[in-house]
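Report on one structure; see the data block that follows.
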Amino acid sequence: MKAVLAEIITIGDEILYGQIVDTNSAWMGTELTNIGIRVQQITSISDSAAHIVQALDAAKTRADIILITGGLGPTKDDLTKNVLTDYFQTTLQLHEPSLADITEIFQKRGMKVTELNRQQAYLPEACTPIRNVLGTAPGMWFEQGGKVFVSMPGVPFEMKRMMSGTVLPRLQAYFKTPHIIHRVVQTTGIPESMLADKLENWETSLPAHIKLAYLPHLGGVRLRLTGQGTHQARLEQELDREVEKLSGIIPRYIFAYGEVSLEEAIGQLLQARNLTIATAESCTGGYLAHKITAVCGSSAYYKGSVIAYHNEVKINALHVKPGTLQQHGAVSEATVKEMAQNVRQQLGADVGVATSGIAGPAGGTPDKPVGTIWIAYADQHKTTTKLLHFNKTRLLNIEYTALAVLNLIRQSLTAGVEE
């Protein structure tokens, strides 16, 4: 079955200036994929009539569906409706149901409809109006040469309601679409290139209708399997078999399936084992605690934190021995060992973890340059430490350190899993 392709065009100088972030396209791409429509391209353009026409001409040569957001407001810089009227060689006509909706919105606000807002009820005669129950700018559906053009407001909640309630069901009815199904496998602790080497033979043997994407991010690499076919149940079974094969190749690097963060996976591991955890932080300054407590329900397993930034706090609050600091320094294996072991005891947790390092950009020495970080994990059976070497970017060093600790927790709690 031939794939149904869509292109998204976002209109607005504010997007190009960086004044707002285009979140609409990501949401639309997900929803379109769920009904078997593949987004071919996303284009952001300025509030220019010529630019809009050029984008439409280009889009219809490569996509079956052209979805447009933005430029439907009541002001002079909102050009989309007038450009579409000319593009489809039609005229504007008053659409009474849209005017009634606009009037009702203003009445609820205790206001009179302005002439500018009344003009929003004038729609191209060639379009099928799409009701906007949350705002004053109706959407428009055009058909030409087997292609579908849909124009919607750029306001996210208005666009989403319009897409969910009208556009997506109508697209499903208009096009016979294949099933597109994703499976996501979350990995950490291995670079993308090494991961690709390990998976090369398996990836090469994938069926033609199943594709693998490597999606690296700060905490690891998301592996996304995408299958396309006409039989949903059969496709799901095929994807499940491939995920099972993948899991057998790299078990020690997989921390979750689906859209699960590393900190969520750690929480699940702790709860499954009925364990609690506490953190002792120096160079991360509470960021590790922030990551853990960002998960809803983390109070079930997270005891608390001691941010021991100064050596006095390490000594007085965490009971790190003064001799340890004098002999080895704050950034040392010996110090993080005591920090992890002692925070566990001080806060009555099953697990204690600790960080101490030189986040930068200042403070480094020849022996301990910026980016030198020690981390530790401690429970009643063992204490594990790890030396990290990062770069000179302070915030990245903090973020990488927190993620490294989370991965150390995962590895320690799942010890025994082998490739």
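The values are calculated or read from the model by the stated rules, or taken from the named source; none is laboratory data. Predicted model only: the values in this text are computed from it and were never measured. Note that we place each Cβ from the backbone using ideal geometry, even for glycine, and neighbour counts take in every protein chain shown. With ligands, DNA and RNA removed, areas are computed over all heavy atoms of the protein, side chains included. Shrake-Rupley method; radii C 1.70, N 1.55, O 1.52, S 1.80 Å.
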Close pairs (9 angstrom Cβ cut-off, 6 or more residues apart or separate chains): of a type in the set (Val, Ile, Thr) in the stretch 18-32, open to solvent by less than 20 Å² (accessible area, probe 1.4 Å) anywhere: ILE20/GLY12
Failed criterion for ALA340 (all others in (1) among the hydrophobic types (A, V, I, L, M, F, W, C); (2) buried (at least 22 other Cβ atoms within 10 Å of the Cβ); (3) closer than 19 Å to THR393 by Cα hold): (3)
Hits in the stretch 275-299 - residues which are open to solvent by less than 40 Å² (accessible area, probe 1.4 Å), in contact with a strand residue (DSSP E or B) (Cβ under 7 Å, 6 or more places away or on another chain) and among the aliphatic types (A, V, I, L, M): ILE277, ALA278, ALA280, LEU288, ALA289, ILE292
All positions within the stretch 210-252 that are open to solvent by 30 Å² or more (accessible area, probe 1.4 Å) and within 15 Å of THR188 (Cβ to Cβ): TYR214, LEU215, PRO216, HIS217, LEU218, ARG222, PRO251, ARG252
Which numbered condition MET111 misses (of (1) open to solvent by 60 Å² or more (accessible area, probe 1.4 Å); (2) assigned to a strand (DSSP E or B); (3) aliphatic (A, V, I, L, M)): (2)
Inter-residue pairs, beta-carbon under 7 Å, first over 25 Å from ASP367 (Cβ atoms) and in the stretch 386-415, second among the basic types (Lys, Arg) and crowded, with 22+ Cβ neighbours inside 10 Å, 6+ apart: LEU406/LYS291
Count of residues meeting criterion [over 16 Å from LEU72 (Cα atoms), in contact with a Leu (Cβ under 7 Å, 6 or more places away or on another chain) and open to solvent by 40 Å² or more (accessible area, probe 1.4 Å)] in the stretch 37-59: 3
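What's the total number of residues in the stretch 359-370 that are within 30 Å of SER299 (Cβ to Cβ) and open to solvent by 20 Å² or more (accessible area, probe 1.4 Å)?
First, pick out the residues of the stretch 359-370 that are within 30 Å of SER299 (Cβ to Cβ): 359.
Within this subset, residues satisfying the condition of being open to solvent by 20 Å² or more (accessible area, probe 1.4 Å) are none.
Adding up the residues that qualify gives 0.
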Tally of residues being surrounded by 18 or more Cβ atoms within 10 Å (Cβ to Cβ), touching a Lys or Arg at 6+ places or on another chain (Cβ under 9 Å) and under 30 Å from THR75 (Cα atoms) across the stretch 153-202: 2
Elements of type helices (runs of 4 or more DSSP H) contained in the stretch 1-67, each with 3 or more residues being modelled with pLDDT of 95 or more and closer than 20 Å to GLY145 by Cα: 49-59
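Considering only the stretch 374-419, state which residues are among the β-branched types (Val, Ile, Thr) and either closer than 26 Å to PRO251 by Cβ or surrounded by fewer than 20 Cβ atoms within 10 Å (Cβ to Cβ) (or both). First the steps, then the outcome.
First, pick out the residues of the stretch 374-419 that are among the β-branched types (Val, Ile, Thr): 375, 383-385, 393, 398, 401, 405, 409, 414, 417.
Of everything in the stretch 374-419, those that are among the β-branched types (Val, Ile, Thr) and either closer than 26 Å to PRO251 by Cβ or surrounded by fewer than 20 Cβ atoms within 10 Å (Cβ to Cβ) (or both) turn out to be ILE375, THR383, THR384, THR385, THR393, THR401, VAL405, ILE409, THR414, VAL417.
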Long-range neighbours under 9 Å by Cβ, at least six apart or interchain, first residue on the phi > 0 side of the Ramachandran plot within the stretch 33-59, second crowded, with 16+ Cβ neighbours inside 10 Å: GLY36/VAL4; GLY36/PHE175; GLY36/THR177; GLY36/PRO178; GLY36/HIS179; GLY36/ILE180; GLY36/GLN228
Residue match in the stretch 343-358 (condition: in contact with a strand residue (DSSP E or B) (Cβ under 6 Å, 6 or more places away or on another chain), without any contact (Cβ under 8 Å) to a residue 60 or more places away in the chain and either aliphatic (A, V, I, L, M) or buried (at least 18 other Cβ atoms within 10 Å of the Cβ) (or both)): no
Matching option when the condition is within 37 Å of the chain's Cα centre (by Cα), over 30 Å from THR226 (Cα atoms), basic (Lys, Arg) and at pLDDT below 95, among LYS81, LYS112, LYS108, LYS176: LYS108
Flag if THR90 is surrounded by fewer than 21 Cβ atoms within 10 Å (Cβ to Cβ) and either touching a strand residue (DSSP E or B) at 6+ places or on another chain (Cβ under 8 Å) or charged (D, E, K, R) (or both): yes
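Select, from LEU235, LEU195, LEU225, the only residue that is touching a Ser or Thr at 6+ places or on another chain (Cβ under 8 Å) and modelled with pLDDT of 95 or more. Reasoning before the result, please.
Numbers: LEU235 fails: touching a Ser or Thr at 6+ places or on another chain (Cβ under 8 Å); LEU225 fails: touching a Ser or Thr at 6+ places or on another chain (Cβ under 8 Å).
Just one listed residue meets the conditions, LEU195.
With the structure loaded, tell me whether GLY304 is touching a residue at least 12 places away in the same chain (Cβ under 8 Å) and open to solvent by 10 Å² or more (accessible area, probe 1.4 Å) or whether it fails that test. Explain how you work it out, then say what you get.
On the way: touching a residue at least 12 places away in the same chain (Cβ under 8 Å): yes; open to solvent by 10 Å² or more (accessible area, probe 1.4 Å): yes.
Yes.
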